[in-house]
Amino acid sequence: MPVYYGKDLGVSYTSSFTRFKVWSPGATEIKLRLYNSGDSGTAIRTINLHKGDSGTWKTTLRGNLKNLYYTFQTFIDGKWQMECPDMYAKAVGINGKRGMIVDLTSTNPEGWAQDKKPALKNFTDIIIYELHIRDLSVDSNSGIKHKGKFLGLTESGTKSPDGEITGLDHIKQLGVTHIHLLPCFDFNSIDEKNSDNKYNWGYDPLNYNVPEGSYSTNAYDGQVRIKEFKQLIKTLHQNGLRVIMDVVYNHTSNINSSVFTQFAPGYFYRHNQDGSYSNGTGCGNETASEQLMMRKFMIESVVYWVKEYHVDGFRFDLMGVHDIVTMNAISDTLHKIDPTIFIYGEGWAAGNSPLPENLRAVKMNMPELNKVAAFSDDIRDGLRGGWSDAKSKGFVSGNADRTESVKFGIVASTFNSQIDYSKVNYSKTAWAKEPYQTITYVSCHDDNTLYDRLKISNPDLPDSDIIKMDKLAAAVVLTSQGVSFLQAGMEMLGTKKGVANSYNSPDSINELDWSRKTTYKDVFNYYKGLISLRRHHPAFRMASTKMIQQNLEFLITNDSLVIGYILKNHANSDKWKNIIVLFNGNNTIKNFDLPKGNWTIAVDGKSINESGIESNVHDSISLSAVSAYVLFQ
């Protein structure tokens, strides 16, 4: 296929003319149709595109075409394909079937030019809060007016019937730095005409460069979703929060009706040797990031989100499907624009791919990736138990076989001579060059919540014991090196009623139940305290592997379910000279002999106080069952 290197694909609007240019090298004819509405009526004008260079087709129409809708239709291999927007569409009508000619400057909220990102010094300073737009606000007790909408995340002063802070103010109160938004681009599974009747996470892409209409207050007008998503980002920035988009370039919602198929059938997808579509995503298809026009599209798409919407980072769904060259090209391009943009993804695929694993952005190839991070399933399953069996136990449930995996996570998957790699659950060697390449977490959207998982694997234990396990897991995540990641609702023992893959479950399963903040206020305060501790003490977020190797030393505990380590010598310029961190995974009290000197306890299994819970502690300490301790000098 010919490759087009220009930067002008798509629809380019001015008040006096509009240019249309698409790439469809196999087409022998392409029609452009203009419409007055986004979903009904017949075309008011039909135009034949002219063949250009390198597989492109184009036309320029005079006059002000603002707010008209359009479709393209290609004639390939003797048949007409479907009418659809172009793959670079920036605005669409309801349900994304027609593109919209839009003046993007008119969609900017007031003060957009002065929008300023919150400061970020190091990637390891990041604490991520993973959130689904609808989940935040749709519950009846959220106190939020714009339920299930982008604008719901912009409201302040919202409270539950119990008087607890909810929504945006709750997230600020918690103290995280970044909000990871589950897919906010235009996806296929929700009928935007009746969006309240169906739920979906949104991992079924339709139009990659357009916000999802069901999250807007008016999905019929293509401008509204753009304005409201920009307002969301501006509001979060004003409140000290950066925004990460969850992007799904690895597959499309289907093959036959995808925009890729309409313009270049087969080209944008990988194929098996027999010509059938491969399925490394488990979704019926996988895109071919190594194809030059797919790589170009991915790069230009993320650049568009950064420049037009001021997005601060990207989480790549099934990043292990994409090739290393493409991910590095994305990273290099984005970091020339803004070196603080954070890029991470799932370092695995969901099935076999024709592209060899050594060429793909899987976890074990992270040393070849530049300024890209991956989720650590090592520490996740080390803490809670293996992903394939919800009844299996992890370190916090008393499984000593998981201890070394947790230690591996504590040093953020970097090399450490005190780790016995033969006992790490998945990785038999270090895979992160630097600590920022590791996302340290214990739960996310696509599995049981941490609370549910602990209940399933410990069915006979009372809630009081489950809470101890939950707090211990949170303490490990938020004191470990690397980038901390929390699933929304963890801080109030969020539940999905035992449903793991809740991608299309109703609101009753997925919504954040704000009454749980009242019920489990102690848990919320514990999470808040851990986040505050991490933000106030740079020793927990060292910026380099060398710094970790020099300043973090594991201590001999003589107990396979007690992990201890010391952060030495004002690590990373911390105001505390020495810090001891202790995790007791036993369900009984354990004594630990302290290094010489007097120590002050800042964290125990019940509370957090950076000024000190108890001072002048020396010789030994008694560790409560299933608990974390932090002591300092």
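The values are calculated or read from the model by the stated rules, or taken from the named source; none is laboratory data. Values in this document were obtained by computation on a predicted structure and should not be read as measured data. Please note: Cβ atoms are built from the backbone with ideal geometry, for glycine as well, and neighbour counts cover all protein chains shown. When the accessible area is computed, the model is the full protein with side chains, heavy atoms only, and any ligands, DNA or RNA have been set aside. Shrake-Rupley method; radii C 1.70, N 1.55, O 1.52, S 1.80 Å.
Here the dipole of the chain is about 1340 debye; that uses its Cα centre as origin and unit charges on the Cβ of Lys and Arg (positive) and Asp and Glu (negative). For the stretch 198-230 and the stretch 154-178, what is the separation of their C-alpha centers, rounded to whole Å? Spelled out, the Cα-based centre of one part sits 24 Å from the other.
Under 16 Å Cα-Cα from Lys363, which aspartates and glutamates qualify once same-chain neighbours fewer than 8 residues away are excluded? Partners within reach: Asp317, Asp323, Glu346, Asp377, Asp378, Asp381, Glu434. So, with a 1.4 angstrom probe, what is the percent of accessible area on the chain that is carbon and sulfur? Result for the chain: 47 percent of the exposed heavy-atom area is carbon or sulfur.
Working note: Karplus 6.51/-1.76/1.60 with θ = phi - 60° gives the stretch 249-258 the couplings 8, 7, 7, 10, 5, 7, 9, 4, 9, 5 Hz, where Gly and Pro are set to x.
Only lysines eight or more places from Lys407 in sequence, or on another chain, were considered; those with a Cα closer than 16 Å are Lys423, Lys428.
Compared with the alpha-carbon gap, the fully stretched path from Glu357 to Lys79 is longer by 96.4 nm at 0.36 nm per residue. Using the Cβ-Cβ distance between Asp8 and Glu110 with R0 = 22 Å, the FRET efficiency computed as 1/(1 + (r/R0)^6) comes to roughly 0.15. Rounded to the nearest whole Hz, the Karplus-based 3J(HN,Hα) values (6.51 cos²θ - 1.76 cosθ + 1.60, θ = phi - 60°) of the stretch 501-513 follow the sequence 8, 8, 4, 10, 6, x, 3, 4, 8, 8, 5, 7, 8, with x at glycine and proline. Residues whose amide H falls under 5 Å from that of Gly385, counting only those 5 or more places apart or on a different chain, are Gly394, Phe395, with hydrogens built in the peptide plane. This model, with +1 at the C-beta of Lys and Arg and -1 at the C-beta of Asp and Glu, gives the stretch 401-559 a dipole about its Cα centre of some 460 debye. When each of the peptides 74-82, 284-292 is scored by the mean number of other C-beta atoms lying within 10 Å of its residues, the order from highest to lowest reads 284-292, 74-82.
If I take every Cα pair under 8 Å that is 6 or more residues apart in the chain, average their sequence separation and divide by the length, what percent do I get for the relative contact order? For the chain, the relative contact order is 10 percent. Taking a straight line from the alpha carbon of Lys596, these lysines sit under 20 Å away, with near neighbours fewer than eight places off in the same chain left out: Lys568, Lys575, Lys577.
With all projection directions averaged, the alpha carbon convex hull of the stretch 494-633 covers 10.9 nm².
With a Cα cut-off of under 19 Å and a minimum spacing of 8 residues unless on different chains, the lysine pairs in the stretch 1-142 number 19.
When each of the peptides 240-253, 501-514 is scored by how many other beta carbons lie within 10 Å of its residues on average, the order from highest to lowest is 240-253, 501-514. From most to least packed by mean Cβ count within 10 Å, the peptides 551-557, 600-606 give 600-606, 551-557.
Look at where the Cα atoms of the stretch 482-512 and of the stretch 261-332 average out, and the two centres are 28 Å apart.
The antiparallel fraction among DSSP beta bridges confined to the chain stands at about 70%. The stretch 566-633 and the stretch 28-95 have their alpha-carbon centroids 65 Å apart. Taking only the alpha carbons of the chain, we obtain Rg and Dmax values of 25.6, 85 Å in that order. Helix-only arithmetic for the chain: the sum of -39500 (n - 2.57) across DSSP H runs with n ≥ 4, divided by the residue total, places the mean residue ellipticity at 222 nm at -6500 deg cm²/dmol.
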